[in-house]
1. Quick one: is residue 94 over 30 Å from residue 110 (Cβ atoms), modelled with pLDDT of 85 or more, loosely packed, with under 14 Cβ neighbours inside 10 Å and in contact with a strand residue (DSSP E or B) (Cβ under 8 Å, 6 or more places away or on another chain)?
2. Which condition breaks for residue 41 when tested against (1) over 16 Å from residue 10 (Cβ atoms); (2) touching a helix residue (DSSP H, G or I) at 6+ places or on another chain (Cβ under 9 Å)?
3. Kindly indicate the residue of the range 1-30 that is in contact with a strand residue (DSSP E or B) (Cβ under 8 Å, 6 or more places away or on another chain) and under 18 Å from residue 92 (Cβ atoms) and also surrounded by the most Cβ atoms within 10 Å (Cβ to Cβ) among those meeting that condition.
4. Condition check: touching a residue at least 24 places away in the same chain (Cβ under 8 Å), assigned to a helix (DSSP H, G or I) and under 24 Å from residue 140 (Cα atoms). Does residue 63 satisfy that?
5. Pick from 118, 89: which is crowded, with 17+ Cβ neighbours inside 10 Å, in contact with a helix residue (DSSP H, G or I) (Cβ under 6 Å, 6 or more places away or on another chain) and within 23 Å of residue 28 (Cβ to Cβ)?
6. Which of the residues that make up the range 40-51 are assigned to a helix (DSSP H, G or I) and either at pLDDT below 85 or buried (at least 17 other Cβ atoms within 10 Å of the Cβ) (or both)?
7. Could you list, in sequence order, the residues of the range 31-53 that are over 20 Å from residue 95 (Cα atoms) and within 16 Å of the chain's Cα centre (by Cα)?
8. Is it the case that residue 19 is more than 22 Å from residue 126 (Cβ to Cβ) and out of contact with any helix residue (DSSP H, G or I) (no Cβ under 9 Å at 6 or more places or on another chain)?
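The values are calculated or read from the model by the stated rules, or taken from the named source; none is laboratory data. Source: prediction; values computed, not measured. With ideal geometry, Cβ positions are generated from the backbone for all residues, glycine too; neighbour counts draw on all protein chains shown.
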């Protein structure tokens, strides 16, 4: 299916073009587009290009089989879950919950601690995970 060339697109039109739902397109729009790329809930051509580029980047990561390693900084926000801590994704500038082993929470949950985590994306719905294997992989790549 081809998408017609016009100035503004709805999430439903883009979803039909990409083979996904309008809600998934809306999430991606909120994640990758800024104010200049949208008019109300309509997506401009520049926003459509950013969404397509983001999907292309995600597919490249999936095909390569490598984790998407990013740096986060732990923030002082209490979390009752023994399996999560709150951090700031430095690249995106957004607070996130990082999944960690429960036995490491006391050691890692100190404000301003920098961690290398695996950021997994499923149509711009990001999940962050830290474990010892990811830490070893990050150290081997930096060496």
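1. Working: over 30 Å from residue 110 (Cβ atoms): no; modelled with pLDDT of 85 or more: yes; loosely packed, with under 14 Cβ neighbours inside 10 Å: yes; in contact with a strand residue (DSSP E or B) (Cβ under 8 Å, 6 or more places away or on another chain): yes.
In short, no.
2. Residue 41 satisfies every listed condition except (1).
3. So, considering only residues that are in contact with a strand residue (DSSP E or B) (Cβ under 8 Å, 6 or more places away or on another chain) and under 18 Å from residue 92 (Cβ atoms), the one surrounded by the most Cβ atoms within 10 Å (Cβ to Cβ) is 29.
4. Values: touching a residue at least 24 places away in the same chain (Cβ under 8 Å): no; assigned to a helix (DSSP H, G or I): yes; under 24 Å from residue 140 (Cα atoms): yes.
Considered against the rule, which asks whether it is touching a residue at least 24 places away in the same chain (Cβ under 8 Å), assigned to a helix (DSSP H, G or I) and under 24 Å from residue 140 (Cα atoms), residue 63 comes out as no.
5. 118 is the lone residue from the list that is crowded, with 17+ Cβ neighbours inside 10 Å, in contact with a helix residue (DSSP H, G or I) (Cβ under 6 Å, 6 or more places away or on another chain) and within 23 Å of residue 28 (Cβ to Cβ).
6. 47, 48, 50, 51
7. The answer is 50, 51, 52, 53.
8. When the stated conditions are applied, residue 19 does not pass them.
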